[in-house]
Every structure is written in C-alpha cells, then in structure tokens.
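Structure first, commentary second.
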2 protein chains.
Amino acid sequence: MTVQYIESPQNPKIRSLARLKKKNERWQKRSFLVEGEQLVRDLLESELCIETLVLLSTRQRDFSALESLSGYKKIEHVWEVSEQAYALVSDTESSQGILAVAVWPEEKTRPQYPEHVLLLDGLQDPGNVGTLIRSAEAFGVQEVCCGIGTVDFLSPKVVRAAMGGLFRLSVVGEALSVYIEEWKRCYPGGHVIAAQADAERMCHDVSLTAPTLLVIGSEAHGISASLLHLIDETLSIPMQKTVESLNAAMAGSVLLYEMYRQRLTQIL
Amino acid sequence: MTVQYIESPQNPKIRSLARLKKKNERWQKRSFLVEGEQLVRDLLESELCIETLVLLSTRQRDFSALESLSGYKKIEHVWEVSEQAYALVSDTESSQGILAVAVWPEEKTRPQYPEHVLLLDGLQDPGNVGTLIRSAEAFGVQEVCCGIGTVDFLSPKVVRAAMGGLFRLSVVGEALSVYIEEWKRCYPGGHVIAAQADAERMCHDVSLTAPTLLVIGSEAHGISASLLHLIDETLSIPMQKTVESLNAAMAGSVLLYEMYRQRLTQIL
C-alpha cells in the first residue's frame, strides 16, 4: 500500500470524493464519507471495506496505531492531501484531518430473524436519525429500516451521530409497509407499535417483551397515513401536560430503553 | 403599540439585536432572541416579557392570532424589517420571519423546594442542552441548573431545542457544587446521582422515587472531578456491550424517564 500526495483541490480524485456529499452520488457508487479518528477506527473494526483513507498532510502521521487494527488490510488507497483539498471533502468545521471513503456493501450481513426492529418513517433531521441508530444498537435492536422519506442514512451527519452504530448494526432502506408485512409473517405474534403523544395506554403499562417493531414518525407529521392500519398499538410516553411532545430521537430512545428494560427484567 | 419599519441592516437597532448572538451581550442586557412562530407563542404564554417583536416585512401580517394571546400586551415594540435586516439577526436558515427579543428576568419564579433537579456539568452542545431542558420539563423536573462550563442556555440553539421549556421551567446558572450542597441541606434524604457507563448498579435496579438530583457530565469529559465527592451514586443505563456510551441528551432523557416512571408506578 503506497501513499499518494494530492495538492490541488481541482484534482479529479478530490472532486469525485466531494461529490459523495450528494445522496445520488453515494448510492450510485455505494460509497460514503466517514470522518474523524474514532469513526475510522470503528469502521476498521467492522465488516465494511475502506476504499480510500484521506489524511490531511499537516497532520502528524501515525499509521502505527491504525496498523494494529485488524481491518487495516482492507484499505485500498491512502492519500495525503493539502488543507485546501481536504476542506473540499470534509463536512466538519473542526476536523481531525482523517477521513475514509467506505463502501456500503450490496449484501450487508442481516439478521435472519430480527426480533426487535426500529422503523424510521420520514425523519428529516440527520442528527435524529444517527442518534436513533446509536440508541437502537445500545438497546438491542437487531435492524433499523429507514423508509423512503427518511433522510439518507449514509449522509455525513447521520454517520457522525450514529457513532459507529451504522457499521455494526444492520441498517436498510426499504418501503416500510412491505417491511412491516414481511416482519409480521415472520412473527405472527409480534407487536407493531408506534409512539403517539395522546395515546391512551402508556408504554410502561404495556408488556413489550414479545418481538416488537417500533415505528417512529417524522418530526413534523408523525406516522404516515398509509402505515396506520399496520400498527397494532399506539403508546404514549408518560409526561407532564405542559409539554406537547418530545424530540423524535428522545421519544424513540425512551421507548427503545423501555422495551430493553422490560426484556431484562423479565429474564431476571 | 405602533409598528416601526426598518429597512437598513446598518440601523443601530438592528445591529444591537444582532449582537445578542453573543453571550456577553445577552447577559449584559439580560435579553435573548427567540425565533419562530411556535416559540414566540410559547413566550407570550409564559411569564417572560417581550421587549421587541421583529417581523420580516415580506411576511403576511397577521397579528390577530397573536393578539388573542394573554402576553401580547406585554410587547413594547414591534418592528417590521427588510430581508437584509432580518437576515442579520436571524440564526436559522429557513426562517418563518418572526422573532422576539425576550427579557430574562432578574428574579424568575423558582420552585421553593425543587424535589427533582437536573444539573448540567460542562455540556458543550447547545442542541443537547436544549433537548435536556425539554426532557426535564416533560419528566417533571422542577429546576435545571447549568454549571459554569455549560454552554449559555440563552443561546439561540438552546432556545430552539428546548421548545419552550426554557420559558416555563426554572433554569438557573450557578456553581454546581454550591447548588448541590444547598439542595442536600434542603433534602437530607435526597439522592444525588450521575450516569456513568461502567457503573455497577443499573438505573432500573435502584429506587429513584426519593427527591433526586441528577448530574449529567460533559460530552467529552464526563463529570468534573471537583463534583465527584458530592455524588451519592453513579448508575449505568443497561445497554449492549458493543456500544460505548449514549449521547448525553439521550442518556439524560432516559434517566429522567426512568425516575418519572418509577414515581408514577409508586403512586399507582
């Protein structure tokens, strides 16, 4: 593996990477940007491949720490680039001077029977989507499915907020109604639930230990009308009456925690 | 109340408002910016006063909806301003063309005995601070105290993420050690807890129904060393081992929910 130096932001390779900020380009090439040292480490330890590692030339070069990681062999190219070239590709204001172009596999390992699933229906805020992927992993969800209207889960802000969860967890993009119907065939006794601020039953009053598929609706419009008939039960999170709702990432995380807590308590 | 039209972004009044984006200026004048229709409504319904209401001149003028709100009479000035002038003051990319300058009172109504309190120790992300204020209100916390190192709770991003919680809830800025010691004198049987990823005891295994003060540490460094001796117990949130930690706002919200859930369940 050799290191190539790139000075000019006009370099076609740099311009090609910068285009990965666009959704269409990402999916056409099935590749996306991962920025920051910890995230690149998480990537190296995952099953994903790194096509190119981009290092800011003014950064102290220290491959030794990276080489010790098992995945180092998966990197195809390493570029050392000027500040101007780096700035064109980077998405963060205070960069650590390291980013990777990762490949999103055609066939990512998926759990055969995802008992606990999170569905994101039209979420627009990439911070919310990333945070929910992080919480989903923490609370033992096996798969996250992002509906068509949800912001692209390979966008840099989602990748950052997911803190590596995107590399370890099975995350898919699919039509939600199809996904729910298939899941229900797999788990006839499964429970499709959704959060709704004014639902009568509260999440901690309902048993959530069966296989559960949780749908989180969009920040502005809630759950799509076309999905409503597929939902077995809407649940509210107990809260003070002065508050209209929780942030979508907060509501989702609290419900995922409640599901996880109930499963743990049942085991004990 | 008369409406004044301001065209030039150079107008000293506009420049003076734009300076409210800076923390020092906000606290010197004890005033801050509140942007967006729903937030201005929340403000009007709160005990806070509005010094100036700023409307983008191209916006459809519709005072009638606002006039019905009880706080409307408290507004001192209304300005209609040009797009250029508005852009100088606004903090959002997609603005609704309405913002208010609110006064943060010297003596905001504080609960005499805040049984349940959230302390923010050095949080740097304004989105996290705002979200936690929103969750604190939702889950029945009576006061939020922001330590010296925490991002200013009157900054526009905090105000936005708090979704009105900042106007309704008691939020104070104080030295946290002083706050904790005073709170402990008030509640000798009270419980000072903090989240810690590797703490042995898990939050759902501990009774959290007594008066509780929850400390959330900074995103990067956790709880300050100077506070550790004041904490009665550190608790972990149950989660999968692949995940190092939750986002600070997530962890805080889950713990606030768990406290609230336990109190509700006890009452039943």
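How shielded is A:248-255 by partner chains, expressed as the average number of their Cβ atoms within 10 Å of its Cβ atoms?
Other-chain Cβ atoms within 10 Å of each residue's Cβ, averaged: 6.
To the nearest 20 debye, what charge dipole does region B:155-221 have about its Cα centre, counting +1 at the Cβ of each Lys and Arg and -1 at the Cβ of each Asp and Glu?
Rounded to the nearest 20 debye, it is 360 debye.
With point charges of +1 on the Cβ of Lys and Arg and -1 on the Cβ of Asp and Glu, referenced to the Cα centre of the protein assembly as shown, which listed residue (B:6, A:213, B:234) lies farthest in the positive direction of the dipole?
Comparing the listed Cα positions along the dipole, B:6 ranks first.
In nm, give the distance between the simple-model label positions of residue B:106 and residue A:25, each being 7 Å from the Cα along the Cα-to-Cβ direction.
5.6 nm
What's the magnitude of the charge dipole for region B:3-103 around its Cα centre, counting Lys and Arg as +1 and Asp and Glu as -1 at the beta-carbon? Answer in Debye, nearest 20.
Charge dipole of region B:3-103: 520 debye, to the nearest 20.
Quote the charge dipole size of chain B about the Cα centre in Debye, to the nearest 20; the model charges only the Cβ of Lys and Arg (+1) and of Asp and Glu (-1).
Using only the charged Cβ atoms, the result is roughly 480 debye.
What does the convex hull of the alpha-carbon atoms of the protein assembly as shown project to on average, in nm²?
About 27.6 nm², averaged over all directions.
Can you pull the mean other chain C-beta count within 10 Å for peptide A:128-139?
Neighbouring Cβ atoms belonging to other protein chains average 4 per residue here.
For residue B:225 and residue A:175, what is the calculated FRET efficiency with R₀ set at 45 Å and r taken between the beta-carbons, to the nearest 0.05?
0.30
In nm², what is the average projected area of the convex hull enclosing the Cα atoms of region A:3-103?
The Cα convex hull of region A:3-103, projected and averaged over all directions, gives 6.0 nm².
Per-residue mean of other chain beta-carbon atoms within 10 angstrom of the beta-carbon, peptide A:199-207?
Mean number of neighbouring Cβ atoms from other chains: 2.
In Å and from the alpha-carbon atoms only, list the Rg and Dmax of chain A.
Considering chain A through its Cα atoms, Rg and Dmax are 20.4, 62 Å.
Taking every DSSP beta bridge with both residues inside the protein assembly as shown, roughly what % is antiparallel (nearest 5)?
Bridges in the protein assembly as shown that DSSP calls antiparallel: roughly 30 percent.
Got a sec? Charge dipole of the protein assembly as shown, +1 on Cβ for Lys and Arg, -1 for Asp and Glu; which of A:265, B:199, A:40 is way out at the positive end?
The residue sitting farthest along the positive end of the dipole is A:40.
What distance in nm separates the simple spin-label points at residue B:244 and residue B:94, each placed 7 Å from Cα in the Cβ direction?
3.3 nm
How high is the FRET efficiency between residue B:232 and residue B:186 when r is their beta carbon distance and R₀ equals 22 Å, given to the nearest 0.05?
Plugging the Cβ-Cβ distance into 1/(1 + (r/R0)^6) gives 0.90.
Classify region B:116-267: rounded, prolate or oblate, from the alpha-carbon gyration tensor (a ≥ b ≥ c, eigenvalue square roots; a/c under 1.5 rounded; otherwise prolate if a/b is larger than b/c)?
Taking the square roots of the gyration eigenvalues as a ≥ b ≥ c, region B:116-267 is rounded.
The numbers here are math on the coordinates, done by the rules we state, and not lab data. If you're wondering where the values come from, they're calculated on a predicted model, not measured in any experiment. Positions of Cβ are backbone-derived with ideal geometry, glycine not excepted, and every protein chain shown enters the neighbour counts.
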